[in-house]
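Encoded as C-alpha cells, the structure appears first; notes follow it.
The values are calculated or read from the model by the stated rules, or taken from the named source; none is laboratory data. Just so we're clear, the structure is a prediction, and the values are computed from it rather than from any experiment. Here the Cβ positions follow ideal geometry from the backbone for every residue, glycine too, while neighbour counts run over all protein chains shown. When the accessible area is computed, the model is the full protein with side chains, heavy atoms only, and any ligands, DNA or RNA have been set aside. Shrake-Rupley method; radii C 1.70, N 1.55, O 1.52, S 1.80 Å.
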Amino acid sequence: MSLRSRTAGVALALAVPCALAAVPADAAPVPAADPFVWTDLTPAYTATADYEYEPFAVTDGYAPAAGCDARSGKGGAGYHYVKSENVGGLDPAEPAGLLYEPDGEGGRALVGVEWIVRAGTGTTAPTLFGQTFQGPTTVSGVTGPVYTLRAWIWKDNPSGLFAPWNPTVACV
C-alpha cells in the first residue's frame, strides 16, 4: 500500500467522526437539505429552550390556538402556540409558532417550531434553511392564508426534519 493511500485512509478516518459530531445523534434525516442545517437551526434551538416549560412560552407572548392539529394517515403537528409579532419574520431565532404535544403527565412537551408568513395574492412561498415553505394553508390563531415551515427540533420526525407532519406526534 502506498504512502498516498495510507494518508488518504487516515484523513478519511479522522474526517468522518468530525462531520458526524456536527449533527445531534437523535437528528432526523434531512431530505434534500444541507447536511449541516443543524448549524443554521442552532439559534432556533437556543431561543426556544426555555419554552420546553410551556408556561414560559405563554408568559413570553405565545398564545395557544384552539385544538390539537392531527391528520389521519399523516400524523400530527400538535398544539400550536403563536406569537403574532413574529408572524412574517424569517429570523431563525424568532419562530412565530411553537408546537406541543401532551406529555402524558397533564402538561405539554415542546416538539417543534414553525415560521409563518402571510400568503397574499401573487406572493410566492419563501425559503429558509434551503427549504421552501408549505402552503398556502391556514393556521389556528392566524387570520388568512399563510405559508409555513415546520422544524422538528425537539422531537425526532421519521418523515424528515422539515416535514409538515410528524407521525409520532399525537393529540392524546
Item to check | Top-ranked residue of region 37-58 - restricted to ones that are in contact (Cβ under 8 Å) with a residue 24 or more places away in the chain and of a type in the set (Gly, Ala, Ser), ranked as most open to solvent (accessible area, probe 1.4 Å) | outcome: Ala47
Next on the checklist: When you scan region 25-36, do you find a residue that is at pLDDT below 90 and in contact with a Pro (Cβ under 7 Å, 6 or more places away or on another chain), even just one?
Outcome noted: yes
Next on the checklist: Just to be sure before I move on: is Leu128 open to solvent by less than 10 Å² (accessible area, probe 1.4 Å), within 24 Å of Glu52 (Cβ to Cβ) and modelled with pLDDT of 95 or more in the structure I sent?
Outcome noted: no
Checklist entry - Restricting attention to region 102-109, does a residue exist that is of a type in the set (Asp, Glu), within 17 Å of the chain's Cα centre (by Cα) and either closer than 18 Å to Leu41 by Cα or modelled with pLDDT under 95 (or both)? => result no
Checklist entry - Is one or more of the residues making up region 59-82 at pLDDT 95 or above, more than 24 Å from Thr39 (Cβ to Cβ), surrounded by fewer than 16 Cβ atoms within 10 Å (Cβ to Cβ) and of a type in the set (Ser, Thr, Tyr)? => result yes
Checklist entry - For region 138-154, how many residues are part of a loop (DSSP other than H, G, I, E, B) and more than 9 Å from the chain's Cα centre (by Cα)? => result 8
Checklist outcome for this item: Given (1) among the hydroxyl-bearing types (Ser, Thr, Tyr); (2) in contact with a Lys or Arg (Cβ under 9 Å, 6 or more places away or on another chain); (3) modelled with pLDDT of 95 or more, Thr46 misses just (2)
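Against the condition of a type in the set (Phe, Trp, Tyr) and free of Cβ contacts under 8 Å to residues at least 40 places away in the same chain, how does Phe133 come out, does it pass? Explain how you work it out, then say what you get.
On the way: of a type in the set (Phe, Trp, Tyr): yes; free of Cβ contacts under 8 Å to residues at least 40 places away in the same chain: yes.
Yes; evaluated as a whole, the condition is true for this residue.
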Checklist entry - For residues in region 84-124 being among the hydrophobic types (A, V, I, L, M, F, W, C) and over 25 Å from Cys68 (Cβ atoms), which is most open to solvent (accessible area, probe 1.4 Å)? => result Leu90
